[in-house]
1. Before anything else, pin down the relative contact order of chain A: Cα pairs under 8 Å, at least 6 apart, normalised by residue count, whole percent.
2. Would you mind giving the mean number of other chain beta-carbons within 10 Å of the Cβ of each residue in A:78-91, as a whole number?
3. Among the listed pairs A:Lys70/A:Lys96; A:Lys70/B:Lys57; A:Lys59/B:Lys9; A:Lys57/B:Lys57, give every one whose C-alpha distance is greater than 28 Å.
4. Using a basic spin-label model with each label point 7 Å from the Cα along Cα→Cβ, how many nm lie between A:Thr106 and A:Asp93?
5. Between B:Ser27 and B:Arg63, what FRET efficiency follows from the Cβ-Cβ distance if R0 is 30 Å, with the result rounded to 0.05?
6. So for chain B, averaging the separation of alpha carbon pairs under 8 Å that are six or more residues apart and normalising by length, what relative contact order in percent results?
7. Provide, in order from the shortest bin, the percent of all Cα-Cα pairs of the stretch A:59-109 in each 10 Å bin, continuing until the bin that contains the maximum pair distance.
8. Hey, any idea what the orientation-averaged projected area of the convex hull of chain A's Cα atoms comes to, in nm²?
Amino acid sequence: TQLLEQSPQFLSIQEGENLTVYCNSSSVFSSLQWYRQEPGEGPVLLVTVVTGGEVKKLKRLTFQFGDARKDSSLHITAAQPGDTGLYLCAGKDAGKSTFGDGTTLTVKP
Amino acid sequence: DSGVTQTPKHLITATGQRVTLRCSPRSGDLSVYWYQQSLDQGLQFLIQYYNGEERAKGNILERFSAQQFPDLHSELNLSSLELGDSALYFCASSVESGGVNEQFFGPGTRLTVL
């Protein structure tokens, strides 16, 4: 059973469209991180959300932490080909680091 | 550049062999994590060390072991290698501040077992 469930698994859209990807769990996390990974490279940290209901913005990316700190979403406005990659959410449960399986996003020009 | 270094970048070896992967964390980070990423499995947490001591264990096989040295660099040893061990192995480091777990990843070692 995957502790962090991410959806959708794959997403292919045209440049300029908006999208939202989700990270859900039955566990409460003290914080959640979002990473982006390009093929053959290590994940790169995008943001950390800590407080329930928190919203953080990073240019065209908006991250939200659920009120109960069990879920999070990532919204991208006016997606660009440079946003293409694997988006991973991560947290710690019982001291163990855990990652979701990710959403593979492809933005076509 | 995350500040985390991993060597070697690529490793090709045969079944039954033993290899050692090396990781140097970012300056000031005391925690080192090891992950395995296969095509069909995503990022799997193997083990975490904090200031030389094992802190958490994930899905690490008994054939695999790791350690963190006094200078904080870490090594992951993989022995009796099998075809299924072929994967990308990532190291990450972290400051470990309260409940926040921001990790910075190295470029990875691609292991191919033939």
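Read-outs throughout are calculated quantities, based only on the coordinates presented, and are distinct from any laboratory measurement. Predicted, not measured: the structure shown is a model, and the values here were computed from it. Here Cβ is always computed from backbone atoms with ideal geometry, including for glycine, and neighbour counts include all displayed protein chains.
1. On the way: 280 pairs, mean separation 39.9, N = 109.
This gives 37 percent for chain A.
2. On the way: counts 0, 0, 0, 0, 0, 0, 0, 0, 3, 0, 2, 0, 6, 2.
If you average over the peptide's residues, the count of other-chain Cβ atoms is 1.
3. On the way: A:Lys70/A:Lys96 16 Å; A:Lys70/B:Lys57 23 Å; A:Lys59/B:Lys9 32 Å; A:Lys57/B:Lys57 33 Å.
Long pairs (Cα-Cα over 28 Å): A:Lys59/B:Lys9; A:Lys57/B:Lys57.
4. According to this spin-label approximation, the distance is 3.0 nm.
5. Working: r = 32 Å, r/R0 = 1.06.
The value I calculate is 0.40.
6. Numbers: 291 pairs, mean separation 42.2, N = 114.
For chain B, the relative contact order is 37 percent.
7. 21, 47, 26, 7, 0
8. Values: hull surface 26.0 nm².
The orientation-averaged projected area of the Cα hull of chain A comes to 6.5 nm².
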